[in-house]
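The values are calculated or read from the model by the stated rules, or taken from the named source; none is laboratory data. Being a predicted model, the structure only gives us computed values, none of them experimental. All Cβ positions, glycine included, derive from the backbone under ideal geometry; neighbour counts span all protein chains shown.
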Amino acid sequence: MKIKDTVLILGIASILILIAAQVIIIRGVWKQNDEMLFLRYRSLSQDAAGSLRGRRTFDPYDTVKFILRNWSEIWVNELPLITDSTKMAEKQREIFEFVEKALNDEQELSGYLSSYFEKMGFEKDFNHRIAITRFELIGADTFNIFSNESMGFRRPPGREPLSATLQGSKSTIMVSWQHLEDNYYLLDFEYYIDFSDKRKMILREISASLGMSIFSIIVVVVIFIFAYRNLMEEKRLSNLKTDFINNMTHELKTPLATITVAGKTLEMDMIRAEESKVLETAKLIGKQSIHLNQLINMILEISMWERTQFQLDKTKVNIEELMNDIVSSFKSGAGNNIQLIQKYNFSGAKADIDVVYFTTLMNNLLSNAVKYSDREPVVKIEGITEDKNICIMVEDNGIGINKMDQKHVFDKFYRASSGNIHKYKGLGLGLYYVKKIAVAHGGDVTVSSKPGKGSIFTVTLPY
Ligand code: ADP
């Protein structure tokens, strides 16, 4: 497995472990807060219910008692008259539901608790539930309307004992148990509260630790992404450097080999006897030496840029005249089978340009347009002025550059399609040079291209 894959897998695994650990911690804190909240409200509500007991003036069940007193008398008279057992069951169920509703709606304990909680600085919104455990109507006969099953009494068909489920629940708190009794009835019930907003309350309590753990996870993830990208970038650069050294060796060796062979040729008596051959070989040596010199200068210059700022020696020049000069001298050195088409619309614009560097920039673009071609090169050079910019487009009908490579062609040492690297010679410095020069002039260079169709390089310079 490659190092980058190992780093990626290890990194992602550690982040997942970190997230899992944080989730476990937060769940623990949540549970603890949940229990604390339960205990806090239980003691608070029981205190509140206790404080009621001493009061003579306020009874939260006054209205309920009044309703029950009146209705129980009516029911006690009604029930013995029902002979049919289904009708009896129906009636008892109706009575039970009436009592349950009256208890829930007419009690005033909830209001009292709510203001008590608020006074003590706690959450005042909660739901109440009332669970009847026993209800009897007592006349000549006693009617067991409802009884908790655990107590051995029967209950109306279809009714579950509510209090059993409530007592088992973690979010409901039993506040009080109540016994009401009058001439015709007997009623036992339990009063519960539950906080529907409990999640929100816990969230508020643990927001600091939750926030910190989310923050720390984000920081770790961001640092990991940065570190991983840096690692990848370093790796890419080191690969580029290796490629560069291979290319450079190759590039330098070619003229050197030619010079060596030419030197050996000159040693031969047969060759020296013919003046034209001597001249030809000397020219070859001269040409290859110049090429060698150019290569070495280019490398030296770039390494100098790295250490010092790019120094331009700008003069005001007529851009159209300069372009014509550059293109015609390129044409004379490039051979006859190349078509160079120029079309300028600069309207006599003049720009501050370092002529030497700008010439190098254009030569690099033109020689690439010719070099990266697999047919007779046709290169269009167009120029316009646009707002405050001069735009120069160099369009070729060459091999083109795919989308991935387009992003990197201006990088130092970058060469597209490494498979073909020796088919088209180069060091991957030409476009890097072009970009540097354009930017140093306050401009830029961009590329658009279609593989197989050709490329357009656009240089913009301010004027
Ligand atoms: P070099 O030509 O020395 O490799 P450059 O920096 O000039 O380096 O170019 C970088 C890469 O961009 C080249 O290797 C080539 O793959 C691609 N490239 C540049 N110009 C063109 C072009 N006109 N058509 C197709 N590919 C190009």
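Points to keep in mind about this one:
- Residue match in region 420-435 (condition: within 20 Å of Asn247 (Cβ to Cβ), in a loop (DSSP other than H, G, I, E, B) and without any contact (Cβ under 8 Å) to a residue 24 or more places away in the chain): yes
- Selection within region 352-402 - under 21 Å from Gly428 (Cα atoms) and acidic (Asp, Glu): Asp374, Glu395, Asp396
- Any chance Ala49 is assigned by TED's automatic domain parsing to the domain that holds Leu113, on the phi < 0 side of the Ramachandran plot, under 60 Å from the mean Cα position of the chain (by Cα) and small (Gly, Ala, Ser): yes
- Met362 vs. criteria in a helix (DSSP H, G or I), in the same structural domain as Gly333 (by TED's automatic domain parsing) and without any contact (Cβ under 8 Å) to a residue 12 or more places away in the chain: no
- Residue count for region 329-341 satisfying the condition of being free of Cβ contacts under 8 Å to residues at least 40 places away in the same chain and surrounded by 12 or more Cβ atoms within 10 Å (Cβ to Cβ): 4.
- Count of residues meeting criterion [more than 12 Å from the ligand (Cβ to nearest atom) and either under 35 Å from the mean Cα position of the chain (by Cα) or of a type in the set (Gly, Ala, Ser) (or both)] in region 424-463: 10
Quick grid of which residues meet (1) within 43 Å of the chain's Cα centre (by Cα); (2) away from the ligand (no atom under 16 Å from the Cβ); (3) within 30 Å of Ile399 (Cα to Cα):
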position	(1), (2), (3)
Glu301	yes, no, yes
Arg307	yes, yes, no
Asp325	no, yes, yes
Asn336	no, yes, yes
Gln342	no, yes, yes
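- Restricting region 201-221 to residues that are in contact (Cβ under 8 Å) with a residue 24 or more places away in the chain and more than 12 Å from Val23 (Cα to Cα), the residue that is surrounded by the most Cβ atoms within 10 Å (Cβ to Cβ): Ile202
- Failed item, numbered, when Arg375 is tested on (1) within 7 Å of the ligand (Cβ to nearest atom); (2) modelled with pLDDT under 95; (3) more than 38 Å from the chain's Cα centre (by Cα): (1)
- Looking at Asn363, Asn402, Asn397, Asn368, just one residue is within 25 Å of Glu234 (Cβ to Cβ), of a type outside the set (Ser, Thr, Tyr) and within 13 Å of the ligand (Cβ to nearest atom), and that residue is Asn402.
- Checked against the criteria, Ile285 does not count as surrounded by 11 or more Cβ atoms within 10 Å (Cβ to Cβ), under 28 Å from Val379 (Cα atoms) and of a type outside the set (D, E, K, R).
- Selected residue (only one of Asp354, Asp387 is more than 13 Å from the ligand (Cβ to nearest atom), farther than 27 Å from Ser328 by Cβ and either in contact (Cβ under 8 Å) with a residue 40 or more places away in the chain or assigned by TED's automatic domain parsing to the domain that holds Asn337 (or both)): Asp387
- Lone unmet requirement of (1) surrounded by 13 or more Cβ atoms within 10 Å (Cβ to Cβ); (2) at pLDDT 90 or above; (3) in contact with a strand residue (DSSP E or B) (Cβ under 8 Å, 6 or more places away or on another chain) for His179: (1)
- Set side by side, the residues Asp125, Asp84 differ, and just one is farther than 19 Å from Thr172 by Cα and not aliphatic (A, V, I, L, M), which is Asp84.
- Conditions (1) surrounded by fewer than 16 Cβ atoms within 10 Å (Cβ to Cβ); (2) in contact with a helix residue (DSSP H, G or I) (Cβ under 6 Å, 6 or more places away or on another chain); (3) not hydroxyl-bearing (Ser, Thr, Tyr): number failed by Asp325: (2)
- Total residues in region 383-404 satisfying the condition of being surrounded by fewer than 17 Cβ atoms within 10 Å (Cβ to Cβ) and either part of a helix (DSSP H, G or I) or over 39 Å from the mean Cα position of the chain (by Cα) (or both): the figure is 3.
- Residue, surrounded by the fewest Cβ atoms within 10 Å (Cβ to Cβ), within region 405-419, restricted to residues that are near the ligand (Cβ under 7 Å from one of its atoms) and not β-branched (Val, Ile, Thr): Ser417
- For region 311-345, a residue qualifies if it is within 19 Å of Tyr463 (Cα to Cα), in a strand (DSSP E or B) and hydrophobic (A, V, I, L, M, F, W, C), and exactly one does: Val317.
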